[in-house]
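Visitor: I'd like to ask you about the structure that follows.
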Amino acid sequence: MTDWFHKQRYLIDFSLAALGRRKVRNLGLLAAYSLLVFVLASVMLFTQGLRQEAKRVLAESPEVILQRLVAGRQDLIPPGYLEQIGRIRGVQKMEARLWGYYYDPVVKANYTFMVPGERQIPSGQLVVGPALARERGLVAGNLISFRSYSGRLFTFQVAEVLPQASELMSADLVLLGAEDFRAFFDFPAGHYTDITLSVANPNEVRNVAAKLAAALPDSRPILREEVQRTYASLFDWREGMVLTVLAGALLAFAILAWDKASGLSAEERREIGILKAIGWETGDVLRMKFWEGVLISLSAFLIGYLAAWVHVFHLDGALFRPVLQGWAVLYPHFRLTPQVDGLQLATLFFFTVFPYTAAVLVPIWRAAITDPDAVMRT
Amino acid sequence: MIEIADLHKAFNQGQHNEYWAIQGVSLSLARGQVTAFMGPSGSGKTTLLSLIGCLARPTSGRIRLDGEDISGLPERFLTELRRRHFGFVFQQFNLIKGLSARDNVMLPAYPLGLPHRQLTERADALLAQFRLGHRADARVEWLSGGEQQRVAIARALINDPPILVADEPTANLDTALSREFLAILGELSGAGRTVLLTSHDPLVLDSPQVERRVALRDGRVVEA
Amino acid sequence: MLFQPAIIALLLAAGLGVAALGGAAPFAWQILRRWNLASGSEGQLTMERRTYLFSSLVALVLGVQLAALLLFVFNADRMSEMFVGAMCAVGTLQVNAWGFPALVAQIAVFFAASQWLLINHLDNQARDYPLVRLKYALLLLLVPLLALSFGLQLAYFKGLRADVITSCCGSLFSGESRGISGEMAGADPRLAMGLYFGSLGLAVAALGSYVLRPAPGRGNGLLAGLASGLVFPAALTGIISFLSLYIYEHPHHHCPFCILKPEYGYRGYALYLPLFLGCAAGLGVGVLQLFRRRPSLAALVPPLAQRLAWVALLALVLFLGLSAGMVWQSNLILLEH
Ligand SMILES: Nc1ncnc2c1ncn2[C@@H]1O[C@H](COP(=O)(O)OP(=O)(O)OP(=O)(O)O)[C@@H](O)[C@H]1O
Ligand SMILES: [Mg+2]
């Protein structure tokens with residue numbers, strides 16, 4: 001057993017020295033390998049971050065949102081609708097909400113105007129999201145005017161800018177009082193946008209939804225878990241798409257690795273011939289080459305992953321933001337929360353190390369079966 | 001004791017360029033002797049040495065090493081035998097560039113997995129024996145031709161093999177270095193090692209250290 | 001089909017494995033027909049050199065398979081949030097009929113590949129390679145198994161739809177459900193415990209006796225192999241029927257996968273790794289006995305089998321110790337005394 005360890009150590013020593021002797025060649029391979037890991041890891045870390053962010057945001061949202069449908073389209077909640085629902089077992093709280101979208105031609109972006117349920121905003125005042133504040137250069141106390149859809153100009157005072165914490169969802173948010181909201185949008189009195197319900201027991205949610213659908217046939221309950229699922233599969237799908245697009249890169253890398261491994265230099269061939277002649281077995285050469293592959297893979301993996309980490313969590317994923325995020329015109333400036341995920345690491349490993357190993361196996365074997373007597377004939 | 005019976009070796013067998021480099025060699029080589037193979041270029045000396053040294057497998061015929069038949073063995077076991085029984089000195093020295101003299105000497109022992117200390121000590125002792133102790137850490141490409149050959153001899157001896165095989169060992173050496181090499185041969189043979197070498201060099205073939213001469217022509221023994 | 005990185009990676013790995021071994025199959029066939037060690041011909045030499053490639057390929061497949069097994073379960077667990085009613089890997093695997101068969105096939109590939117590598121290792125030590133034909137016939141059998149595993153995975157992943165309502169570990173591994181999982185969960189804890197500790201005890205005893213006396217001509221090696229083979233299903237039944245309950249400290253949570261989760265301190269890994277290792281090595285002790293009468297292997301089998309028996313013994317004792325420890329530490333009381 002100790003023999004085995006000593007032997008592996010010798011083989012690793014030898015392959016380290018061999019790598020050092022062919023620096024330029026191996027650095028090229030290492031660079032390509034690390035780049036591949038970097039790109040794949042960036043995609044994965046970035047979508048993982050987005051997923052996490054969306055999850056966090058959704059965690060605060062109500063379990064059920066009830067919309068009313070007219071001719072298959074969402075319509076306003078008429079007065080008296082809330083009372084029609086009555087009491088449903090398991091529902092802790094019911095609330096009618098007022099919110100809508102507003103297109104701002106100045107910065108060509110959509111805002112979400114919303115009346116918050118838990119706080120009162122005095123008439124004539126606004127609370128704005130951080131992205132909007134940045135775009136329009138606002139700080140608390142400033143005045144801002146919006147032209148409503150009916151053509152009238154409204155001027156508000158900015159009471160507060162929302163904190164940066166969870167920007168993905170609140171970036172484009174504008175909070176205002178209920179009267180201001182109704183006046184701005186000409187929203188009919190007594191009507192609401194939708195209804196939210198809080199359900200404490202997650203196992204009850206489906207029952208509640210079924211009861212709602214039965215009581216109000218023209219309503220559509222939207223469950224938080226469904227939204228979560230949709231988001232998750234949306235992100236997965238995007239990630240998968242990008243990875244498929246990158247499959248070309250993966251293939252190119254595998255070909256490069258194959259080529260590098262089969263295009264052994266004359267010098268390297270001679271070395272393997274010498275090793276075999278002086279008593280190395282084909283298996284020993286294979287093992288030595290295996291360690292070489294492990295060293296290259298590990299370094300590339302480490303370099304690529306760390307670079308991706310810096311890219312995603314410290315440089316805000318500058319290279320992939322437009323592709324992977326794209327859901328609002330105002331790109332939120334949020335910081336993703338750094339997180340290492342075992343499944344992700346394992347997947348990344350499968351995507352990089354496995355193709356590399358598969359690609360170099362045959363060329364390495366070819367080199368390893370060099371005739372031991374070849375050195376006698378040079 | 002090495003016994004060879006009716007040995008044949010073909011290259012590219014079954015193809016249009018089939019070539020029989022060894023055609024029925026039978027020989028018996030005693031332990032502890034220095035034997036030189038001679039003959040014109042292409043007569044099969046190198047091929048015969050590589051067959052005896054377990055570097056290649058004969059197409060037919062038998063080779064017995066101390067009574068054990070080694071001719072039909074798979075490469076895996078030939079390698080094992082080679083490591084245990086043979087040390088090689090090649091014409092081009094065939095050292096690995098970029099490694100130190102000590103590392104080169106230690107290479108044949110890597111697959112055995114000896115403790116590092118023990119192996120280094122043995123390599124250093126061998127280097128010292130060949131007056132290379134002070135050059136142990138030098139890269140081999142910085143060494144002179146004679147020094148390189150001595151490193152190669154030390155490497156051949158690291159696993160303490162009973163038989164030393166040398167193909168044209170003096171082809172790259174001047175007269176003085178060739179004499180030095182012969183002196184080393186004499187010492188090794190005196191210490192009980194069997195030496196098999198090929199040579200064109202009259203200096204070697206006529207030297208008193210060589211105890212037996214075998215002449216080959218067209219893959220056959222013409223004079224033993 | 002769900003378009004997900006881990007799924008793509010799993011399919012990629014399985015597909016490449018099938019392609020690699022499938023591509024090697026014609027050469028294996030050639031070895032079956034033409035192998036002749038007595039010949040010094042170049043064709044024979046080429047075949048001998050190819051065997052190095054094949055053993056490397058199978059080793060690669062084995063390594064990847066082991067990693068894929070983890071990734072498969074890991075990913076199933078993670079995906080559970082996408083399926084209504086799924087709370088852990090079981091739910092995800094239940095989404096369609098192919099999930100559990102795919103898992104079983106992967107485990108089968110793992111054991112088959114490990115035994116092949118073991119036979120290969122033994123054969124490579126004998127100068128006349130006595131098992132070479134057997135080995136390559138087995139390799140040809142490994143290819144369809146690998147293809148089956150790939151096909152099942154493909155079918156499973158293709159059938160994944162995010163809106164399927166599945167049943168989760170609660171219903172699959174509860175005593176009321178029918179089918180083999182239900183039987184495993186519903187097994188009387190006394191019976192399951194008896195089987196569990198009985199088979200482990202038998203295997204440990206047989207392995208121990210082999211370790212002490214590996215002399216040829218004794219049946220204890222074969223017994224050790226059989227007992228180790230028995231341990232695997234018995235241990236799984238035990239984990240499902242009672243050990244998981246002790247870990248979760250919940251009288252009805254029978255899931256064999258949730259124990260892999262961080263909430264339970266990754267205890268599943270501490271259990272499954274020695275279990276897989278111990279069973280594969282113990283099975284190997286038995287497999288090796290089949291060859292101990294071949295003249296060139298007679299001297300090689302006992303020391304190799306003895307070493308394997310040591311590995312299996314240590315792994316299974318570790319497994320036994322860990323599981324007993326988990327029962328001991330648990331606050332759940334399943335059997336009244
Ligand atoms: N791998 C090979 N393929 C084909 N022919 C070969 C091969 N190796 C050697 N030969 C042929 O076998 C013959 C014997 O070669 P070998 O190298 O043994 O001669 P030699 O006596 O050592 O010659 P020299 O004195 O020039 O070294 C030569 O004609 C050579 O061309
Ligand atoms: Mg020659």
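The values are calculated or read from the model by the stated rules, or taken from the named source; none is laboratory data. These figures come from a predicted structure and were not determined experimentally. Glycine also receives a Cβ, built like all others from the backbone with ideal geometry; neighbour counts cover every protein chain displayed. Surface areas here come from the heavy atoms of the whole protein model, side chains and all, with no ligands, DNA or RNA. Shrake-Rupley method; radii C 1.70, N 1.55, O 1.52, S 1.80 Å.
Visitor: State which residue is farthest from ligand 2 (Cβ to nearest atom) when the search covers only region B:12-27 and only residues that are open to solvent by less than 50 Å² (accessible area, probe 1.4 Å) and modelled with pLDDT of 90 or more.
Guide: Restricting to residues being open to solvent by less than 50 Å² (accessible area, probe 1.4 Å) and modelled with pLDDT of 90 or more, the top hit is B:Leu27.
Visitor: Mind checking which residues of region A:51-81 are in contact with a strand residue (DSSP E or B) (Cβ under 9 Å, 6 or more places away or on another chain) and among the acidic types (Asp, Glu)?
Guide: Result: A:Glu63, A:Asp75.
Visitor: Test A:Asp75 against the criterion of being open to solvent by 50 Å² or more (accessible area, probe 1.4 Å) and either within 14 Å of another protein chain (Cβ to nearest Cβ) or more than 30 Å from A:His191 (Cα to Cα) (or both), and give yes or no.
Guide: no
Visitor: Which residue, of B:Leu73, B:Leu48, B:Leu55, is among the aliphatic types (A, V, I, L, M), within 16 Å of ligand 2 (Cβ to nearest atom), surrounded by 19 or more Cβ atoms within 10 Å (Cβ to Cβ) and in a loop (DSSP other than H, G, I, E, B)?
Guide: Criteria check complete, one pass: B:Leu55.
Visitor: In region A:22-35, how many are in contact (Cβ under 8 Å) with a residue 40 or more places away in the chain and within 14 Å of another protein chain (Cβ to nearest Cβ)?
Guide: Selection size over region A:22-35: 3.
Visitor: So which residues in region B:58-70 are open to solvent by less than 20 Å² (accessible area, probe 1.4 Å), in a loop (DSSP other than H, G, I, E, B) and either over 22 Å from C:Gly43 (Cβ atoms) or more than 16 Å from ligand 1 (Cβ to nearest atom) (or both)?
Guide: Narrowing region B:58-70 to residues open to solvent by less than 20 Å² (accessible area, probe 1.4 Å): B:58, B:63, B:65, B:70.
If we keep only those that are in a loop (DSSP other than H, G, I, E, B) too, we end up with B:58, B:70.
If the condition is that a residue be open to solvent by less than 20 Å² (accessible area, probe 1.4 Å), in a loop (DSSP other than H, G, I, E, B) and either over 22 Å from C:Gly43 (Cβ atoms) or more than 16 Å from ligand 1 (Cβ to nearest atom) (or both), then B:Ile70 is the only one that fits.
Visitor: Same structure, new question: Considering only residues that are away from ligand 1 (no atom under 11 Å from the Cβ) and among the aliphatic types (A, V, I, L, M), look in region A:361-378 and name the one that is farthest from the chain's Cα centre (by Cα).
Guide: A:Val375
Visitor: Please go through region B:28-45 and give me each residue that is away from ligand 2 (no atom under 16 Å from the Cβ), outside any strand (DSSP E or B) and not small (Gly, Ala, Ser), ordered by number.
Guide: Within region B:28-45, B:Arg31, B:Gln33 qualify.
Visitor: Run down B:Thr170, B:Thr198 and say which single residue is within 16 Å of ligand 1 (Cβ to nearest atom), among the hydroxyl-bearing types (Ser, Thr, Tyr) and over 20 Å from A:Asp373 (Cβ atoms).
Guide: Result: B:Thr170 is the single residue among B:Thr170, B:Thr198 that is within 16 Å of ligand 1 (Cβ to nearest atom), among the hydroxyl-bearing types (Ser, Thr, Tyr) and over 20 Å from A:Asp373 (Cβ atoms).
Visitor: Continuing with the same structure: From the set of residues in region A:212-264 that are of a type in the set (Asp, Glu) and part of a helix (DSSP H, G or I), which is farthest from the other protein chains (Cβ to nearest Cβ)?
Guide: Only one residue tops the list, namely A:Asp259.
Visitor: If only one of A:Glu160, A:Glu83, A:Glu135, A:Glu95 is surrounded by fewer than 12 Cβ atoms within 10 Å (Cβ to Cβ) and assigned by TED's automatic domain parsing to the domain that holds A:Ala200, which one is it?
Guide: Among A:Glu160, A:Glu83, A:Glu135, A:Glu95, only A:Glu83 is surrounded by fewer than 12 Cβ atoms within 10 Å (Cβ to Cβ) and assigned by TED's automatic domain parsing to the domain that holds A:Ala200.
Visitor: Are any residues in region C:152-167 modelled with pLDDT of 70 or more and among the charged types (D, E, K, R), and if so, which ones?
Guide: Result: C:Lys158, single match.
Visitor: Just checking, which of B:Glu80, B:Glu18 is within 20 Å of the chain's Cα centre (by Cα) and more than 27 Å from B:Phe181 (Cβ to Cβ)? Step through it out loud before you land on a result.
Guide: Details: B:Glu18 fails: within 20 Å of the chain's Cα centre (by Cα).
Only one candidate passes the filter, namely B:Glu80.
Visitor: Next question. Starting from region B:1-27, take each residue that is more than 10 Å from chain C (Cβ to nearest Cβ) and assigned to a strand (DSSP E or B) and list its partners that are exposed (fewer than 12 other Cβ atoms within 10 Å of the Cβ) and modelled with pLDDT of 90 or more, counting only C-beta distances under 6 angstrom and pairs at least six apart or across chains.
Guide: Matching pairs, first to second residue: B:Glu3/B:Ser28.
So that you can scan it fast, the table gives a plain yes or no per residue for (1) within 23 Å of B:Thr79 (Cβ to Cβ); (2) outside the structural domain of C:Pro256 (by TED's automatic domain parsing); (3) surrounded by fewer than 21 Cβ atoms within 10 Å (Cβ to Cβ); (4) more than 21 Å from the chain's Cα centre (by Cα):
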{"site": "C:Gly15", "(1), (2), (3), (4)": "no, yes, yes, no"}
{"site": "C:Ser41", "(1), (2), (3), (4)": "yes, yes, yes, yes"}
{"site": "C:Asp77", "(1), (2), (3), (4)": "no, yes, no, no"}
{"site": "C:Leu93", "(1), (2), (3), (4)": "no, yes, no, no"}
{"site": "C:Asn96", "(1), (2), (3), (4)": "no, yes, yes, yes"}
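Visitor: Same structure again: Restricted to region A:1-21, and to residues that are of a type in the set (Phe, Trp, Tyr) and surrounded by 20 or more Cβ atoms within 10 Å (Cβ to Cβ), which residue is nearest to the other protein chains (Cβ to nearest Cβ)?
Guide: The qualifying residue nearest to the other protein chains (Cβ to nearest Cβ) is A:Tyr10.
Visitor: What single numbered condition from (1) more than 10 Å from chain A (Cβ to nearest Cβ); (2) buried (at least 17 other Cβ atoms within 10 Å of the Cβ) fails to hold for C:Ala6?
Guide: So C:Ala6 meets the others, but not (1).
Visitor: Among residues belonging to region B:96-111 that are more than 7 Å from chain A (Cβ to nearest Cβ) and open to solvent by 10 Å² or more (accessible area, probe 1.4 Å), point out the one that is nearest to A:Arg377 (Cα to Cα). Write out each step before concluding.
Guide: Narrowing region B:96-111 to residues more than 7 Å from chain A (Cβ to nearest Cβ): B:97, B:100-106, B:109.
With the extra rule that they be open to solvent by 10 Å² or more (accessible area, probe 1.4 Å), the set shrinks to B:97, B:100, B:102-103.
Working: B:Lys97: 19, B:Ser100: 25, B:Arg102: 26, B:Asp103: 24 Å.
By that ranking, first place goes to B:Lys97.
Visitor: Select from region B:113-123 the residues that are surrounded by 16 or more Cβ atoms within 10 Å (Cβ to Cβ) and at pLDDT 90 or above and write down the one among them that is nearest to B:Glu141 (Cα to Cα). Working first, answer last.
Guide: Quick first cut of region B:113-123, residues surrounded by 16 or more Cβ atoms within 10 Å (Cβ to Cβ) only: B:113-114, B:119-120, B:122-123.
Checking which are at pLDDT 90 or above leaves us with B:119-120, B:122-123.
Values: B:Leu119: 22, B:Thr120: 20, B:Arg122: 22, B:Ala123: 18 Å.
That would be B:Ala123.
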